[in-house]
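Structure record follows, encoded as structure tokens.
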Amino acid sequence: MTTFPKAFLFGGATADFQCEGGFDEGGRGLLTHDFVTAGAYGQPRQITLTLPDGTRGSAGVRDALPADSVPTLFADTYYPSHQATDFYHHWREDIDLLAELGSTTYRFSICWSRIFSTGMEKEANPAGLAFYDQVIDYLSAKHIQPIITICHDELPNALALKYGGWADRRTIAAYEHYALTLIRHFHDRVKYWLTFNEINILGGYAALGTHAQDPQTRYECVHHMFVASAAVIRQARLIDRELQFGTMYMMSEMYPADSDPKNVWAAYTTRREACYFFADVMARGQYPHYARDLFKRLGVTLDVTPADLATLRAGTIDFLAFSYYRSGTVTADEGLVNENPHLQTTPWHWPIDPLGLRYCLNELYDRYQKPLIVIENGLGMIDQRVDGQIHDQYRIDYLADHLRAIRDAITVDGVPCFGYTMWAPIDLVSLSTGEMKKRYGVVYVDMDDTGRGSLQRIKKDSFAWLAATYRSRGANL
Ligand code: BGP
């Protein structure tokens, strides 16, 4: 029987605007995500706004917003982030459930506008810090180590309106002030920090705070985020040398669709540009050689100062965190697609591929020789409640197969992966669709796609199985 190493961290992962709620409580300011409606597969979520002529409009969450439009809340519209699954009022109960699972870690994000309501204040909001103090102290009491995401695809809305979000260098300073405030306040209780979530796939007003969404804007934003992350890491090391910093990347595997060299090359370059580019800069401290060709093809010109380059070199990450849900295939003609005749898919068309996770762990360690953590992985499904119970054997199978793949990467291949935080232990709102029915949890939350329900937490069959797995360090796999 091969089990996971003793120090391996097991737990769950969430993001504030998908579970926290309390959007107008405790001095929290509006967040860019507060303007995002619910959607569905094939029906993109929208940002509601007021057009320059005063009329009402909307734009797809990853699309450009009309020039001079202003994101606006409308009373007749449902915005999932406002209540979400109400962790704000259920945190104690939710942490009890994490503890009952045998979790030794919990990865969650802090809501930026709960700490600085506009992102531009000098002083942090005491009620915001107090909320997370309670959460972190309660986690510690339950022997659960927090891993904090400083910024999970979001910005205080005021910062997006005033500066145009990450396209403006002033946002770097605002982020530094926010991140260092958190680090100074929590460093004695929090060792692991993630500067950004899925930095390689960010797009749209909610994540970047920009109206425009062209490649020039995107890479300007990304460059500013690289500098912001490195600047924070550099300064945080002066505050506490024990802290460990990572950034989180979406690393779903990308295979060539077949052995045609054209497709193999397309898969290689797609993976490099969509995933590695970001980790290359942040782990190695400099832009990779292929950046020049990438920017030339996209028509991107960046203002990279000598001071930026020095910051990037000085603030490299200590470990890599990544999400892995699925794999995809690439052809030279079509680019990246979901279709793979060898794999089953979820109802949201995500191919299920545990071996791809072992591949990914090996590939990442080969490339960077840094410790790794699988910070998101899980199965989004429609769960049926039968007599108050949820029989989700499909989720047990998915999690077991992926945990076996990680165990093999560690014990057979020798990859130093130090933890696993499944997404998301307690059902929450889906990021891509805003739906509630795309459920990941081992705990069911009684809430529907329009936010109605008792919010009661109900353990699914997978709960007992995951608890047995975590508590035995995978002896049951
Ligand atoms: C990642 C995000 C999470 C999360 C997850 C599942 O991209 O970091 O915030 O939601 O994917 O995706 P979805 O909710 O769209 O199913």
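The lysines within cross-link reach of Lys122, meaning a Cα-to-Cα straight distance under 18 Å and a gap of 8 or more places when in the same chain, are Lys162. Here is how the number arises for the chain: DSSP H runs of 4 or more residues each give -39500 (n - 2.57), the sum is divided by the residue count, and the result at 222 nm is -11000 deg cm²/dmol. Taking the DSSP bridge list for the chain and keeping only pairs wholly inside it, about 35 percent are antiparallel.
Contact order, relative form, for the chain: 18 percent (alpha carbon pairs under 8 Å, 6 or more residues apart, mean separation divided by residue count). In whole percents, the pair-distance distribution calculated for the stretch 398-461 from its alpha-carbon pairs, binned every 5 Å from zero, is 4, 16, 21, 17, 13, 11, 10, 6, 3, 1. Kirkwood analysis of the Cα pair distances in the stretch 182-281 returns a hydrodynamic radius of 15.6 Å. For the stretch 96-177, applying the loop criterion from DSSP together with a ceiling of 11 other beta carbons within 10 Å to the trypsin sites (Lys or Arg not before Pro) yields Lys122. In plain terms, the chain from Thr305 to Asp133 could stretch by 58.1 nm, reckoned as 0.36 nm per residue minus the Cα-Cα distance. Taking 25 Å as the straight-line reach from the Cα of Lys459, the lysines in range (excluding those fewer than 8 positions away in the same chain) are Lys142, Lys437, Lys438. For Lys296, the aspartates and glutamates whose Cα falls under 19 Å of its own Cα, not counting residues fewer than eight places away in the same chain, are Asp214, Glu220, Glu273, Asp280.
Applying 1/(1 + (r/R0)^6) with R0 = 45 Å to the Cβ-Cβ distance of Leu51 and Ala464 gives a FRET efficiency near 0.30. For a modelled paramagnetic label at Ile201, 7 Å from Cα along Cα-to-Cβ, the residues of the stretch 300-344 in reach, with backbone nitrogen under 17 Å, are 321-331, 335-340.
Residue separation of Asp366 and Ser472 scaled by 0.36 nm, minus their Cα-Cα distance, works out to 35.2 nm of gained length.
Every number in this text was worked out from the coordinates using simple rules, so none of it is lab data. Not measured: the values here are computed from a predicted model. Note that each Cβ is placed from the backbone with ideal geometry, even for glycine, and that neighbours are counted across all protein chains shown.
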